[in-house]
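The values are calculated or read from the model by the stated rules, or taken from the named source; none is laboratory data. Remember, it's a predicted structure, so these values are computed and weren't measured experimentally. So basically every Cβ, Gly included, is an ideal-geometry build from the backbone, and we count neighbours across all protein chains shown. The area values use the complete protein model at the heavy-atom level, side chains included, leaving out ligands, DNA and RNA. Shrake-Rupley method; radii C 1.70, N 1.55, O 1.52, S 1.80 Å.
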Amino acid sequence: MIPWLPPALTDLLIEAAWQTLLMTFGGAVVAIALGLPLALLLHTTAPGGLAPNGWVNRPIGLLVNAIRSTPFIILMVAIVPFTRLVAGTSIGTTAALVPLSLAATAFIVRLFENALREVDRGVIEAARAMGATRTQIMTRVLVPEALPGIIAAITVTLVGLVGYSAMAGAIGGGGLGDLGIRFGYQRFMPEVMATVVLILIIFVQGLQSLGDLLVRRFSRR
Amino acid sequence: MPDDPGPRPAISLHGLTREFRGRGTPLWALDGVSLEVAPGEIFGIVGRSGAGKSTLLRCVNLLERPDSGRVTVLGQEITSLDEAALRGARRGIGMVFQHFNLLSARTVAGNIAFPLEIAGVPKAEREARVAELLPLVGLEERRDYYPAQLSGGQKQRVGIARALASRPRILLCDEATSALDPETTEEILSLIRSIRDRLDLTVLLITHEMAVVKAICDRVAVMEAGRVIEEGRVFDVFTRPAHATTRRFVSEVIGHVVPPGTVARLPDANPGEERRLLQVLFAGPSSTRAVVSEASRRYGLDLNIVSGRIDAIGAEPYGLMALAAYGPPAAIAEATAWMRALGLDVTEIGEDPA
Ligand SMILES: Nc1ncnc2c1ncn2[C@@H]1O[C@H](COP(=O)(O)OP(=O)(O)OP(=O)(O)O)[C@@H](O)[C@H]1O
Ligand SMILES: [Mg+2]
């Protein structure tokens, strides 16, 4: 399939690409699912928010910062017991999804929070004046108004996950990065390394272009 | 009630106070404000920046909760409602904002339907209401436009339609025209007046432009440093401002009676006679009488018109005139008394009025 690589390696490459996709999108799905509610919670409980509450805001903010400031490679090792608890194992692609999701969630929460903060306060005030509940303000005003920023945040996170997933090879997560290291670097096969890098470039480019397209599509400013 | 003084006010504010503690000294944004707005009235609140106008307006639907005092809207005491009841009450109070505050991700129709969606109105009903409101504000053609594709005036029309969507009886306007050019301001003001007439609304609006008050308000309150310093029918406040701040505001619209430099060019009085500068306000029926020439004949005075203008506030005409009166002091005093007896407002304005 890939003329300059032996057929066996092509199969490995396809498998690795699949693992990378799984780790990237899997991590992103969890990050969005956890990150958006958390960002809304942080945004509403922040000083001057819809329901300021330091007892909720500060601990969550602290936890998010703690995860964000831990280098990913250390985080991966540090949470092994937790990973085993969630995934049943600490080795393999599924296991790698746990630290990836965690890191991506902490990362995306702040990006989402920034996007929410960009929403015009006047619009929220108008919704309050109409008798909107807090939930209605969150789901019908904050999220739709912040949508371009939210999509941009998801794009950045996806691209970041592609990079992080390469490190997941360290705990047997597999993926393109892992393949590149094992064959390209450790077995001196520069053509494998080049192919891996090429695929990653195309992959990241594709994600970024799609993200930009969607941001433009939803920007009404 | 046996001693009911008349129709119940649409909005009644009683003893509102609101303090903001920043760094340094605490600031009383509202320092004991009481107001009553009658049903169907367009009531204006004017004041300089920071006077507390927005804070007061936001107290009406409790976007801002006063530290103390009572807010009653259409007989319902808003300040005693719980959260859920307050949200219900807010649906009966429309609000229009200086910066429009439209949802940028929704079309014109989507914005107008928004308050109905919040209130759980079914889709078909929402669409019917939007179809009713679009022509009311003249935006049939712009139904599917996004706010970013509209002019300021069009955005404010959407804001007004949105405020009217849930058929409120009260409309609050916070500087609704301050971001618009004079021509568009006039359009929006006449729109507000026409919906008041058609929909039987009570409008409470705040502005820092006396021209807005003069154009559409029935009554006005002037605020300064968190207090209402003067209040009354627009005609009365404009023609007989009692407070210095009000006079300054009013002069923006009415202008100075005596243009600067005129006094210096007036001839001096003859020996034994005097020169007095009088400001005469004509309001009501006497404005049509030839008061000046008659006063001159009756009292043997030389009456020199220094300046004058005739204008109307609402449907009420008024004239404002500066006269230089030459003659014996006693005759000037008699003429002044005679004019006052006719219902004119005569004040001596001295030699060098500001
Ligand atoms: N949330 C707040 N926190 C602190 N101070 C506030 C707050 N809101 C208003 N103030 C202060 O209260 C005073 C009155 O403000 P308000 O907005 O009511 O004035 P305004 O008459 O509407 O002025 P403008 O014409 O500039 O809109 C101002 O001094 C303002 O700085
Ligand atoms: Mg204001």
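The residues of the range B:111-126 that are among the charged types (D, E, K, R) and more than 9 Å from chain A (Cβ to nearest Cβ), listed by number, are B:Lys123, B:Glu125, B:Arg126.
If I filter the range B:14-35 for residues that are within 16 Å of B:Ile170 (Cβ to Cβ) and away from chain A (no Cβ under 12 Å), do I get at least one hit? Within the range B:14-35, one or more residues are within 16 Å of B:Ile170 (Cβ to Cβ) and away from chain A (no Cβ under 12 Å). Return the residues of the range B:22-61 that are among the small types (Gly, Ala, Ser) and away from ligand 1 (no atom under 14 Å from the Cβ); say none if nothing qualifies. Listed by number, the residues that qualify are B:Gly32, B:Ser34, B:Ala38, B:Gly40. In the range B:304-316, how many are farther than 15 Å from B:Val292 by Cα and open to solvent by 60 Å² or more (accessible area, probe 1.4 Å)? Residues in the range B:304-316 being farther than 15 Å from B:Val292 by Cα and open to solvent by 60 Å² or more (accessible area, probe 1.4 Å): 3 in total.
Taking the criterion of being open to solvent by 50 Å² or more (accessible area, probe 1.4 Å) and closer than 11 Å to A:Leu100 by Cα, the only residue of the range A:30-52 that qualifies is A:Val30. Among the residues of the range B:156-186, those identified as closer than 28 Å to B:Pro122 by Cα and surrounded by fewer than 21 Cβ atoms within 10 Å (Cβ to Cβ) are B:Ser166, B:Arg167, B:Arg169.
Figure legend. Inter-residue proximity from the range A:142-154: first residues farther than 14 Å from A:Gly35 by Cα and within 11 Å of chain B (Cβ to nearest Cβ), second residues surrounded by fewer than 20 Cβ atoms within 10 Å (Cβ to Cβ) and polar (S, T, N, Q), beta-carbon distance below 6 Å, spacing 6+ or different chains. Indicated pairs: A:Pro148/A:Ser219. Figure legend. Inter-residue proximity from the range B:44-59: first residues under 26 Å from B:Phe235 (Cβ atoms) and of a type outside the set (D, E, K, R), second residues near ligand 1 (Cβ under 6 Å from one of its atoms) and assigned to a helix (DSSP H, G or I), beta-carbon distance below 6 Å, spacing 6+ or different chains. Indicated pairs: B:Ile45/B:Lys53; B:Gly47/B:Lys53. Screening A:Ala152 with (1) of a type in the set (Gly, Ala, Ser); (2) modelled with pLDDT under 90; (3) open to solvent by 10 Å² or more (accessible area, probe 1.4 Å); (4) part of a helix (DSSP H, G or I) gives one miss only, at (2).
Scanning the range B:76-98 for residues that are in contact (Cβ under 8 Å) with a residue 24 or more places away in the chain and among the polar types (S, T, N, Q) gives a single hit, B:Gln98. Of the residues that make up the range A:159-182, is at least one open to solvent by less than 40 Å² (accessible area, probe 1.4 Å), closer than 30 Å to B:Gly120 by Cα and either hydroxyl-bearing (Ser, Thr, Tyr) or not in a loop (DSSP other than H, G, I, E, B) (or both)? Within the range A:159-182, none of the residues are open to solvent by less than 40 Å² (accessible area, probe 1.4 Å), closer than 30 Å to B:Gly120 by Cα and either hydroxyl-bearing (Ser, Thr, Tyr) or not in a loop (DSSP other than H, G, I, E, B) (or both).
With respect to the conditions (1) over 22 Å from A:Thr135 (Cβ atoms); (2) modelled with pLDDT of 95 or more, B:Gly75 falls short on a single one, namely (2).
Listed conditions (1) at the interface with chain A (Cβ under 10 Å from one of its Cβ atoms); (2) over 27 Å from the mean Cα position of the chain (by Cα) are all met by B:Val108, apart from (1).
Quick grid of which residues meet (1) in a helix (DSSP H, G or I); (2) surrounded by fewer than 19 Cβ atoms within 10 Å (Cβ to Cβ):
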site	(1), (2)
A:Thr94	yes, yes
A:Val98	yes, no
A:Phe112	yes, no
A:Val119	no, no
A:Glu125	yes, yes
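Of the helices (runs of 4 or more DSSP H) entirely within the range B:196-285, those holding at least 1 residues that are open to solvent by 20 Å² or more (accessible area, probe 1.4 Å) and hydrophobic (A, V, I, L, M, F, W, C) occupy B:210-216, B:244-254, B:262-265. Hey, among the residues in the range B:127-152 that are under 24 Å from the mean Cα position of the chain (by Cα) and open to solvent by 10 Å² or more (accessible area, probe 1.4 Å), which one's farthest from the other protein chains (Cβ to nearest Cβ)? So, considering only residues that are under 24 Å from the mean Cα position of the chain (by Cα) and open to solvent by 10 Å² or more (accessible area, probe 1.4 Å), the one farthest from the other protein chains (Cβ to nearest Cβ) is B:Leu136.
Taking first residues from the range B:199-212 that are within 14 Å of chain A (Cβ to nearest Cβ) and partners that are within 16 Å of ligand 1 (Cβ to nearest atom) and in a strand (DSSP E or B), the Cβ contacts under 8 Å between residues at least 6 apart in sequence or on separate chains come to B:Leu204/B:Phe43; B:Leu204/B:Ile45; B:Leu204/B:Leu172; B:Leu204/B:Cys173. The C-beta contact set for the range A:126-140 (first residue free of Cβ contacts under 8 Å to residues at least 40 places away in the same chain, second residue surrounded by 21 or more Cβ atoms within 10 Å (Cβ to Cβ) and of a type in the set (Phe, Trp, Tyr), distance under 8 angstrom, 6+ apart or interchain) comprises A:Ala126/B:Phe97; A:Ala127/B:Phe114; A:Met130/B:Phe114; A:Arg140/B:Phe114. Against the numbered list (1) open to solvent by 40 Å² or more (accessible area, probe 1.4 Å); (2) within 22 Å of A:Val98 (Cβ to Cβ); (3) touching a Leu at 6+ places or on another chain (Cβ under 7 Å), A:Phe218 comes up short only at (2). If you go through the range B:157-186 and keep only what is away from every other protein chain (no Cβ under 11 Å), within 16 Å of ligand 2 (Cβ to nearest atom) and in contact with a Leu (Cβ under 8 Å, 6 or more places away or on another chain), you end up with B:Cys173, B:Ala176, B:Thr177. The residue of the range B:65-105 that is farthest from the chain's Cα centre (by Cα), among those that are within 15 Å of ligand 1 (Cβ to nearest atom), facing chain A (nearest Cβ under 10 Å) and open to solvent by less than 40 Å² (accessible area, probe 1.4 Å), is B:Asn101.
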